[in-house]
Amino acid sequence: MKMSPLYPAVLMGTSLISATAVAQETAQQNTLDTVVVSANLIEQPITETIASVSVVTADDIQRSQVDSAKAAINLLPGVNFTSSGARGQSAALYTRGTESDHTLILVNGIRIGTPTAAGTRLELIPVDQIEKIEFVRGPRSALYGSDAIGGMIQIFTKKGKQNASGSVALTLGDQGTHKLSGTYSQPYSDTGSISVALSADHHDGIDVKDDAEFDKDGYRNLSANIAIDQQLTERVDLNLQAIKWQGNSEFDTTWGGNESDFENELYSAHIQYSGDSFDSALSAAYVKDDNLTYGNGISRRNGSRYVTERQQVNWLNTVYINNTSISAGLDYLNDDLADSTQSYTVSSRDTKAAFVGLLQEGDHYQAELSGRFTDDEQFGENTTYSAGYAYQFDPLKVAISHGTAFKAPTFDDLYYPLSFGYQGNPDLKPEESETTEISISGNGVALWEISVYKTDIRNLISINDSFTTVENTDKAEIKGVDASYQISYGHWNHTLAYQYVNARDAATGKKLRFRPQETVKWQIHYAADQWSAGSEIIWEGKRYSNADNSSSLPAFAVLNLYTTYQATPEWTLGGRIENLFDKAYQTNPGYNNQDRLLTVSARYSF
């Protein structure tokens, strides 16, 4: 008998409801007290958001010793990656079956990535500098604008602390892995502090493509993060931040360059007024992405270089009236292709937007309504909206939401110069979507949630049949289920996630490539006194690798293990084994993923 895709989710939900009261109250309360800001631009307990939200903290990252933001996010529900290799290699993120460029990525509220090509390279963001990751599933264009069709991810970096503190960590491992990182925070007055984070990461890598070059493809990354936090008055705070990461990533290819030098910079200023019933925040940022591709017979001087710059200004105001909050603001974004080996007919564009969001909370319900008007210099105007309602039937909460979203074409989509018979299409329209979602969740004995959603996407940008340009031709229909379950008892904590995705081309009925239909993720953690250990089990089903579904990649399962030991109050020792059973698997045809990798670490905190 064929099992319905809803069956695992329903089974999970019924088991949660009927679970015995064995949860450890302290561990559960920590999760219940988690506050997020990305869902509605204001602080909310994670259990009171209508949208589905997951959080990864710095403690989670340090405990599991994952080596990248990509690895931390990959454990969350609703996420799949298609990787072109191991550490430092490019990886495409698919949220709830949407395209790889349909997830908005922010760092401290700032849009990162390059406007020339799709997607953001999460694997390059230094994981040691991360304080928290918030992942909101579902459309968020009504508040944030372009890209947030499948969801949005906001990464918060570490800031200064009230007391002087710091740490130094060293990691060594197989395949030439060595990493040195350090952080230090120091108050310079009663109202101000400065923090610095530095890291140097080196990995010799693996041969990521068997049929291209017979060599190891390594990765190097140097990063720095400096933040100043100053309380100007009792109600006004100022934050200044500078982040930079640069390095080199090698890869395999049958033509063109086979390594790239990258240099990313982010500079931001944020000033906020916090009143009794009114908050106002003004932020400005500059983001630079410099990428040079060369090698394989191509010198650095003759390599392909793209330098893009983004200037952003955001003004957000929030009024609190009893149990209602009203947020309204203005956004300005300038994308500029500052330098390129290719000559684009258009190299800059401005985007202006106004948005408003309303959130009301009663004794047993939450309601939200938001809308955004965007004026893009290239394709004109776009209006998006989102509405949601949730009611608390103790201990259950039922929520329903509906929202629209869009993705603006990139410079490559629009203006790529004629090369080998191919060129961009300046007449492209933005990709647009509508999503409806129903969820049920509970926070009694365990924390759990089941979400059922449907997303329709139109005007998908794809290459035409003659391979001469891209066009708005495709439509996609996506139906899916996300389910998550977390319970603690005694020294044990279990986190289980299940996802079902049925993403199809609306015209042909064929499944969209690179999306596994089913995924299961199970994290087990044991903590006792000074010692802790855990495992991560990830199973992903078969995925098709081409549009006509004539070729596929098989299902696979990977097991990771980690352990930490608090030797003294200052010293922490750790170890991690990636892919314990050395499973050979691929998520992108021809590209090998990480084989077994052992690392050990030592951290000194002061």
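Can you tell me which residue in the range 272-305 is farthest from the chain's Cα centre (by Cα), limited to those that are closer than 24 Å to Tyr344 by Cα and touching a residue at least 60 places away in the same chain (Cβ under 8 Å)? Per the stated criteria, the residue is Asn291. For the range 431-484, filtering for residues that are touching a residue at least 40 places away in the same chain (Cβ under 8 Å) and outside any strand (DSSP E or B) leaves 6.
The set of residues in the range 559-578 being surrounded by fewer than 18 Cβ atoms within 10 Å (Cβ to Cβ) and closer than 18 Å to Thr519 by Cβ consists of Leu559 alone. Scanning the range 517-549 for residues that are among the hydroxyl-bearing types (Ser, Thr, Tyr) and modelled with pLDDT of 95 or more turns up Thr519, Tyr526, Ser532, Ser535, Tyr544. Is it fair to say Leu180 is at pLDDT 95 or above, within 28 Å of Val37 (Cβ to Cβ) and assigned to a strand (DSSP E or B)? Criteria not met by Leu180. Of all positions in the range 133-147, at least one carries a residue that is assigned to a loop (DSSP other than H, G, I, E, B) and open to solvent by less than 10 Å² (accessible area, probe 1.4 Å).
Only one entry in Leu180, Leu170 is touching a Leu at 6+ places or on another chain (Cβ under 8 Å), without any contact (Cβ under 8 Å) to a residue 60 or more places away in the chain and either farther than 18 Å from Gln241 by Cβ or crowded, with 17+ Cβ neighbours inside 10 Å (or both), namely Leu180. Take the conditions in a strand (DSSP E or B) and surrounded by fewer than 16 Cβ atoms within 10 Å (Cβ to Cβ) and apply them to Leu198. Does it pass? When the stated conditions are applied, Leu198 does not pass them.
Rundown of residues vs (1) within 30 Å of Ser451 (Cα to Cα); (2) assigned to a strand (DSSP E or B); (3) touching a helix residue (DSSP H, G or I) at 6+ places or on another chain (Cβ under 9 Å); (4) open to solvent by 40 Å² or more (accessible area, probe 1.4 Å), yes/no style:
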site	(1), (2), (3), (4)
Tyr344	no, no, yes, no
Arg349	no, yes, yes, no
Phe355	yes, yes, yes, no
Arg372	yes, yes, yes, no
Asn382	yes, yes, yes, no
Tyr385	yes, yes, yes, yes
Leu414	no, no, no, no
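Scanning the range 229-258 for residues that are open to solvent by less than 40 Å² (accessible area, probe 1.4 Å) and among the charged types (D, E, K, R) yields Asp229, Asp252. If you check Arg121, Arg140 for being at negative phi, within 14 Å of the chain's Cα centre (by Cα) and modelled with pLDDT under 95, only one passes: Arg121. Scanning the range 567-606 for residues that are more than 26 Å from the chain's Cα centre (by Cα) and on the phi > 0 side of the Ramachandran plot yields one hit, Asp582. For the range 320-330, indicate whether the set of residues that are at pLDDT below 95 and either outside any strand (DSSP E or B) or surrounded by 15 or more Cβ atoms within 10 Å (Cβ to Cβ) (or both) is non-empty. Within the range 320-330 (the criterion being at pLDDT below 95 and either outside any strand (DSSP E or B) or surrounded by 15 or more Cβ atoms within 10 Å (Cβ to Cβ) (or both)), the answer is yes, since at least one residue qualifies. Identify all residues within the range 568-603 that are assigned to a loop (DSSP other than H, G, I, E, B) and of a type in the set (S, T, N, Q); write none if there are none. Matches in the range 568-603: Thr568, Asn579, Gln586, Thr587, Asn592, Asn593, Gln594.
Out of all the residues in the range 534-557, is one or more in contact with a strand residue (DSSP E or B) (Cβ under 6 Å, 6 or more places away or on another chain), among the aromatic types (Phe, Trp, Tyr), assigned to a strand (DSSP E or B) and under 30 Å from Leu180 (Cβ atoms)? Among the residues of the range 534-557, not one is in contact with a strand residue (DSSP E or B) (Cβ under 6 Å, 6 or more places away or on another chain), among the aromatic types (Phe, Trp, Tyr), assigned to a strand (DSSP E or B) and under 30 Å from Leu180 (Cβ atoms), which makes the answer no. In the set Gly534, Gly480, Gly509, only one residue is open to solvent by less than 50 Å² (accessible area, probe 1.4 Å) and either under 22 Å from the mean Cα position of the chain (by Cα) or charged (D, E, K, R) (or both); that residue is Gly480.
Taking every residue in the range 210-239 that is under 24 Å from Glu263 (Cα atoms) and assigned to a strand (DSSP E or B) and pairing it with any residue that is open to solvent by 20 Å² or more (accessible area, probe 1.4 Å) and acidic (Asp, Glu), at least 6 positions away or on another chain, the pairs with Cβ-Cβ distances below 6 Å are Asp217/Glu250; Gly218/Asp204; Gly218/Glu250; Asn239/Asp229.
When Glu437, Glu449, Glu471 are checked against the criterion of being surrounded by fewer than 19 Cβ atoms within 10 Å (Cβ to Cβ), in contact with a Ser or Thr (Cβ under 9 Å, 6 or more places away or on another chain) and at pLDDT 90 or above, a single residue qualifies: Glu471.
The values are calculated or read from the model by the stated rules, or taken from the named source; none is laboratory data. Just so we're clear, the structure is a prediction, and the values are computed from it rather than from any experiment. A quick note on method: Cβ atoms are made from the backbone with ideal geometry, for glycine too, and the neighbour counts reach across all protein chains shown. Accessible surface areas use protein heavy atoms only, side chains included; no ligands, DNA or RNA. Shrake-Rupley method; radii C 1.70, N 1.55, O 1.52, S 1.80 Å.
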